[in-house]
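Structure record follows, encoded as structure tokens.
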Amino acid sequence: MDSSILTLTTFFPAIGIILLLFVPKEKTDTIKGLALIISVVTMILSFAAYYMFDPLASGMQFEVNIPWISSFGINYHFGIDGISLLLIVLTTILTVLSILASWNSITTGIKGYFISMLLLEVGMIGVFCALDLFLFYIFWELMLIPMYFIIGVWGGPRKLYAAIKFVLFTMFGSLLMLVGIMYLLYEYQAMTGEFSFDILKLTSTLALGFEPQLWLFGAFALAFAIKVPLFPFHTWLPDAHVQAPTAGSVILAGVLLKMGTYGFIRICLPMFPEATIAYLPYICTLSVIAIIYGALVAMVQKDIKSLVAFSSVSHMGFIMLGLFALNMQGLEGAVIQMINHGISTGALFLLVGMIYERRHTRMIEDFGGLAKVMPLFTVVFMIVTLSSIGLPLTNGFVGEFLILLGMFKSNYIYASIAAVGVILSACYMLWMFQRVFFGEVDKEENKKLLDLDAREKLILLPLVILIFFIGIYPAPLFSRIEPAVKNVLQQVNKAKSVYLDEEYQIRYYKDNTGQNELTLHTDEEQKSK
Amino acid sequence: MAEYLYLIPLLPFIGFLINGLLLGKLSKPIVSIIACGSVFISFIISLFAFLELTNLAPSARILEQTLFTWIKSGNNFEVSFGYMLDPLSAIMILVVTGVGFLIHVYSIGYMSHDPGYSRFFTYLSLFMFSMLTLVLADNFLLMFVGWEGVGLCSYLLIGFWFHKKSATDAGKKAFIINHIGDFGFLLGMFIIFWQVGSLNFVDVVARAPEVFVYGSALVTAACLLLFVGAMGKSAQIPLYVWLPDAMEGPTPVSALIHAATMVTAGVYMLVRTNVLFSMAPDALFVVACVGAATAFFAATIGLAQNDIKRVLAYSTVSQLGYMFLACGVAAYTAGVFHLMTHAFFKALLFLGAGSVIHGMSDEQDMRYMGGLKKYMPITFMTMFIATFAISGIPGFSGFFSKDEILWKSFSSQMHGSVIFWVIGVVTAALTAFYMFRLIYLTFYGKERMSKEVKSHIHESPKTMTIPLMILAVLSVVGGWIGLPHLFAKTNHFEEWLAPVIISTSQGSASHALASGGGDVAMEWTLMISSVVLVLFSIFMAYLLYKKKTEISTSLAEKLSGMKNLLLNKYYVD
């Protein structure tokens, strides 16, 4: 059971797709029911993986490594660490909620829609499980197709524009990644005389020079940065979000964006440590710009959905910043924040979808005084808003605090500027909240709005529970990601200009002039590696 | 008793959960019993905890209780959900639960006709939980939880009547300005963790003197950043602008959150971290200057306001400035002492104002009041006592705490100077003036309200007047526990807080002088001159607003430029 759990979780939705193919498309209830059951079982399988996972062990767990196309060294290599584990669980939960959220809002092409959702789930879980670059790439591309259809077929008025923009951006990144993979393969072959796509093997054995690292990091990082999206590669995101159906937005923000940051953790940081250190100031600068820029643009949005989209740009900037703090607090905060962002932004998109289903508008000015007509909806929206602005005892605080603390230890200037984003996020979220929920109900259409129904409560309840659970007792998550994060830092430590101190903080050697100014350490003791 | 410490914040939290989850399903009496009852039990437990603390030797007066690990990241960052009782937090929890309970009871009457009755008590319970967590936390981060929690409750309660745009605007303003302050708090916390390697108060107190260099830029930066947080929460220049607007909230909220408890959190934080501040004289100087400036500046605005609650709001800003002035001259005990007496008399003033507003059919403008003395005798008497207290009439609580601050601002070796004393005394005179103006305009003179309003004027119900009377008693006797050494052998209050005030090797000299000694003749002279000035200013108020009201109108015309400047709050915001 141990080693098959990942294969099972990844491909269980594929079984669902096959079953769905045999259901006639008129039987919409059967299709929805089947899709729901399949996604719930997948979720239970991921829970099983969570319980079977040993938080104390370092390294990959549930590993499967079977030669597949041996002439090219391609293996069916699956395995997860704590980081991928949490992301898989997040994926399966959000998929179930997305399917529930699509229950009434999707009215045409139901069969195709749910098949796309399940296919998307296969791709997402696959990316998090894959330890072979070939597999990783296949799953990465696999996600693209259903997402293209979900936006392009079931989206809003400008769906085609948004879908094509999304695909073009992502394809551009993927192609760069493909080139990067080829180059890696070539380097490995030149060194060992054989082919291998194995991420672990490549990470541990490949000793690349500085120059190739720069190129490779650049190719991979660009692919991932588009996905994150890091400023200035974010322009596809607001269009995609605004046009996508609710479930599409939830999955897009909740999971797909995390692919980018996951890629940095799994590939860029451990494989190209020298380049990581070299690119660090640029990426941190872009992250800080993203934090401030995303928040400022969010402030002037008229459409709630594009406000949430721009807030994502800001929040993802925080996650990137945490990764490049290169210490325990920063990285752990970033990973936790990846989960948190999935929960709270997912919840925000779900809530926006619920109000859109009622009023067929998302313009802030069309609302006002909803607190009076939809009290429960207001309370849930409030809780999610607070989680999004990082109030203590909600999940958002734990991540944001650790990211800023970690970054402060590495470079207090980036952290101080980024902390301004915390103030800004309170501004735009509360201003939007005030205009939507407070004041008199002055629009006739808003006077008879119904509060949450049972299905909607069922969708939101797990997210609200997670918001407080992670906010108050995040220990189980931390214990699972700690070994994984330490591994990443040990890999980065391979770079010649740095060393890892006893607190797992990457520090610069003093003699490495130029980069020294980046940090503000009083490292009297120069450790020799 | 230490093992029950967590119950003090937990009980109001349970009250919050019950009232919140069953919102709209419980009847009003049950809601109020849950809310008031939980705070009352917390108060009783606090009382026992306090007594237990008194039984211990002064140096052993610290009880800790760790509930569970909250955030643990890596090998070096670990923060627990832990509570700590020491002499400082003991005073704070007594004030918070004690005054808080009285205000809860008062709210039963005040909010009785409001459709949002249950929601109101739900928020209040959440506030009590947050505030008690703030003062009982054993580390910076948990304190920050309470800090943000009270900010959230303040936001919700200021905007309690959410259909009014002015109310929700004020709530948002409060939240965002507080968030600006929190930015400083966060960064200050980062420096502390980065240098000390822990966020626990006990660890920080133990290690800070070794880690930081006395007067270094780093410790000064940390203190100034923390002070930015305190400025936001405690409405100091330039972050004071939210507090007057916060008066949009129901009056019990103004009394509880925006006078007695939450706004004093900044002062509490400074005293809690006095070990750091005492190592950063430059930061203390900034604190003293900001405090003195705020005290004076807000008092002048208070002179010209016509809204009864706004007068009190600016008065609160001004009095908070006093507390920071005290902290700035390293007279932390005097700051906490004034914090406590202020909690009594300012809560009383707000509740009294609420009682007036209640009786006047929600009229808040003093120009349409007058002559209320005979209609509302209890409200009048209690407010009169509170006015005596805040003005610093000898024998009333405010006198002792204010005199202590004035004396220290002059005599302390840490930045004590005659300039601070003069600003303090002038502010005291201004305070007496605007407070007596308020009393005369409200309770004396012609009845300027409409007939309609007049026919409804009534004294408030017992649930409102009894808390007023209890607070009036406290406003009188509350000062006697901290008699200055001129009148008594020892200052009990100062002695009680002594273990919390950490004297570092360099800071100890200033503290020693701040805590007594000095020139007795000088102390008498300063005390008497300040009292004389206050009496004179009361006489002026009497002259202008009671005896010859025509003078005040003609004077207002002559000084119309000045008056408009003050009325418009110096055209800020």
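Regarding B:VAL422, is this residue in contact with a Phe, Trp or Tyr (Cβ under 7 Å, 6 or more places away or on another chain) and free of Cβ contacts under 8 Å to residues at least 40 places away in the same chain? So B:VAL422 fails the test.
If you go through segment A:1-31 and keep only what is in contact with a Leu (Cβ under 8 Å, 6 or more places away or on another chain) and in contact (Cβ under 8 Å) with a residue 40 or more places away in the chain, you end up with A:ILE5, A:THR9, A:PRO13, A:ALA14, A:GLY16, A:ILE17, A:LEU20, A:VAL23, A:ILE31. Can you name the residue in segment A:98-155 that is in contact with a strand residue (DSSP E or B) (Cβ under 6 Å, 6 or more places away or on another chain) and not in a helix (DSSP H, G or I) and is also nearest to A:MET177 (Cα to Cα) among such residues? So, considering only residues that are in contact with a strand residue (DSSP E or B) (Cβ under 6 Å, 6 or more places away or on another chain) and not in a helix (DSSP H, G or I), the one nearest to A:MET177 (Cα to Cα) is A:ASP132.
Condition check ((1) modelled with pLDDT under 90; (2) surrounded by fewer than 24 Cβ atoms within 10 Å (Cβ to Cβ); (3) within 14 Å of A:PHE349 (Cα to Cα)) across all residues:
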{"residue": "A:PRO232", "(1), (2), (3)": "yes, yes, no"}
{"residue": "A:ALA244", "(1), (2), (3)": "yes, no, yes"}
{"residue": "A:ALA247", "(1), (2), (3)": "no, no, yes"}
{"residue": "A:VAL250", "(1), (2), (3)": "no, no, yes"}
{"residue": "A:ALA253", "(1), (2), (3)": "no, no, yes"}
{"residue": "A:GLY263", "(1), (2), (3)": "no, yes, no"}
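The set of residues in segment B:53-72 being without any contact (Cβ under 8 Å) to a residue 60 or more places away in the chain and within 16 Å of B:PHE140 (Cα to Cα) consists of B:PHE68, B:THR69, B:LYS72. Taking the criterion of being in contact with a Ser or Thr (Cβ under 9 Å, 6 or more places away or on another chain) and part of a helix (DSSP H, G or I), the residues of segment B:207-221 that qualify are B:ARG207, B:ALA208, B:PRO209. Screening segment B:1-23 for residues that are in contact (Cβ under 8 Å) with a residue 60 or more places away in the chain and more than 12 Å from B:PHE121 (Cα to Cα) and picking the one that is surrounded by the most Cβ atoms within 10 Å (Cβ to Cβ) gives B:ILE8. If you check B:ILE176, B:ILE180 for being under 17 Å from B:TYR240 (Cβ atoms), touching a Cys at 6+ places or on another chain (Cβ under 7 Å), among the β-branched types (Val, Ile, Thr) and facing chain A (nearest Cβ under 9 Å), only one passes: B:ILE176.
Going by the conditions given, is B:GLY249 in contact (Cβ under 8 Å) with a residue 40 or more places away in the chain, at the interface with another protein chain (Cβ under 9 Å from one of its Cβ atoms) and under 23 Å from B:ARG119 (Cβ atoms)? No. Tally up the residues in segment A:480-502 that are farther than 22 Å from A:ILE80 by Cα and within 12 Å of chain B (Cβ to nearest Cβ), please. Number of matching residues: 3. Please indicate, with yes or no, whether at least one residue in segment B:154-163 is in a helix (DSSP H, G or I) and either without any contact (Cβ under 8 Å) to a residue 60 or more places away in the chain or more than 14 Å from chain A (Cβ to nearest Cβ) (or both). Yes, that holds for at least one residue.
What residue, among those in segment B:74-88 that are part of a strand (DSSP E or B) and more than 7 Å from chain A (Cβ to nearest Cβ), is surrounded by the fewest Cβ atoms within 10 Å (Cβ to Cβ)? Among them, the one singled out is B:GLU78. If you go through segment B:109-121 one residue at a time, do you hit one that is within 13 Å of another protein chain (Cβ to nearest Cβ), free of Cβ contacts under 8 Å to residues at least 24 places away in the same chain, farther than 26 Å from B:LEU67 by Cα and surrounded by 23 or more Cβ atoms within 10 Å (Cβ to Cβ)? Among the residues of segment B:109-121, not one is within 13 Å of another protein chain (Cβ to nearest Cβ), free of Cβ contacts under 8 Å to residues at least 24 places away in the same chain, farther than 26 Å from B:LEU67 by Cα and surrounded by 23 or more Cβ atoms within 10 Å (Cβ to Cβ), which makes the answer no.
With A:ALA325, A:ALA309 as the choices, which residue is outside any helix (DSSP H, G or I) and either buried (at least 24 other Cβ atoms within 10 Å of the Cβ) or aliphatic (A, V, I, L, M) (or both)?
Numbers: A:ALA309 fails: outside any helix (DSSP H, G or I).
Checking each option against the conditions leaves just A:ALA325.
Going by the conditions given, is B:PHE227 part of a helix (DSSP H, G or I), of a type in the set (A, V, I, L, M, F, W, C) and surrounded by 24 or more Cβ atoms within 10 Å (Cβ to Cβ)? Against the criterion (part of a helix (DSSP H, G or I), of a type in the set (A, V, I, L, M, F, W, C) and surrounded by 24 or more Cβ atoms within 10 Å (Cβ to Cβ)), B:PHE227 qualifies. Residues of segment A:467-479 that are crowded, with 22+ Cβ neighbours inside 10 Å and more than 12 Å from chain B (Cβ to nearest Cβ): A:ILE467 alone.
Restricting segment A:288-306 to residues that are surrounded by 24 or more Cβ atoms within 10 Å (Cβ to Cβ) and within 14 Å of chain B (Cβ to nearest Cβ), the residue that is farthest from A:ILE267 (Cα to Cα) is A:ALA295. Are any of the residues in segment B:50-72 among the charged types (D, E, K, R), within 14 Å of chain A (Cβ to nearest Cβ) and under 30 Å from A:LEU376 (Cα atoms)? Checked against the condition, which is being among the charged types (D, E, K, R), within 14 Å of chain A (Cβ to nearest Cβ) and under 30 Å from A:LEU376 (Cα atoms), segment B:50-72 yields no hits at all.
The number of residues in segment B:397-418 that are surrounded by fewer than 24 Cβ atoms within 10 Å (Cβ to Cβ) and either without any contact (Cβ under 8 Å) to a residue 12 or more places away in the chain or under 30 Å from B:LYS374 (Cα atoms) (or both) comes to 2.
Restricting segment B:101-131 to residues that are aliphatic (A, V, I, L, M) and in a helix (DSSP H, G or I) leaves a set whose member that is farthest from B:PRO461 (Cα to Cα) is B:MET131.
The values are calculated or read from the model by the stated rules, or taken from the named source; none is laboratory data. Since this is a predicted model, take the numbers as computed values, not measurements. Glycine also receives a Cβ, built like all others from the backbone with ideal geometry; neighbour counts cover every protein chain displayed.
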